[in-house]
Every structure is written in C-alpha cells, then in structure tokens.
Amino acid sequence: MSEEKDISFEETIKKLDSVIKILENSSVDDLEDMIMKYEEGTDLLQKCYKYLEDAEMRVETISQKLNREKKEDNES
C-alpha cells in the first residue's frame, strides 16, 4: 500500500468502492485473488479511517481555537 500513500481521500474511496463491487459481483474466480482483493479493501478502509480521524482532529483544533478567541473577546 506504500505506493498509494499520496492518493486523496476521494480517490481512496473510489478504489475501495471498486474493490467492494468486484467482491460483491464475484468477479474474482480464484480464492487467493479474492483474499488479496479483500486485503486490499481492508487496507483502503484503514486509510479512509485515518483520513477521517485526521480531519476530525483538525476540525476539533480549529473549533478549540475559535472558542478560545471568543472567550478572550468576551473577557476584554
């Protein structure tokens, strides 16, 4: 998955969706290939979780900064 580390969240979602469709449609005949696709899907899912976790932390940081500034304005 290291070659995919620079892809965006949206591209990761698209790739995950593609893997899910392949697995749902049984487009893979070989058990080993299915397992590899499943593994690829779980790797992509973990990457999506990481993107979302990072985004949540950024939003939380921004909100805390805004609240501090608002509190400081009210104390002035």
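The values are calculated or read from the model by the stated rules, or taken from the named source; none is laboratory data. From a predicted model like this one, the values you see are computed outputs, not experimental measurements. All Cβ positions, glycine included, derive from the backbone under ideal geometry; neighbour counts span all protein chains shown.
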#### Entry: Where Ser26 falls short, out of the listed (1) part of a helix (DSSP H, G or I); (2) hydroxyl-bearing (Ser, Thr, Tyr); (3) exposed (fewer than 13 other Cβ atoms within 10 Å of the Cβ)
(1)
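Could you check, for segment 19-28, whether at least one of its residues is among the aliphatic types (A, V, I, L, M), out of contact with any Cys (no Cβ under 8 Å at 6 or more places or on another chain) and touching a residue at least 24 places away in the same chain (Cβ under 8 Å)?
Filtering segment 19-28 down to residues among the aliphatic types (A, V, I, L, M) leaves 19-20, 22-23, 28.
Filter once more, keeping what is out of contact with any Cys (no Cβ under 8 Å at 6 or more places or on another chain): 19-20, 22-23, 28.
Then keep just the ones that are touching a residue at least 24 places away in the same chain (Cβ under 8 Å); that gives 19.
Yes, segment 19-28 contains a residue that is among the aliphatic types (A, V, I, L, M), out of contact with any Cys (no Cβ under 8 Å at 6 or more places or on another chain) and touching a residue at least 24 places away in the same chain (Cβ under 8 Å).
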### Query
Just for segment 2-23: of the residues that are outside any helix (DSSP H, G or I) and surrounded by fewer than 12 Cβ atoms within 10 Å (Cβ to Cβ), which one is modelled with the highest pLDDT?
Ser8
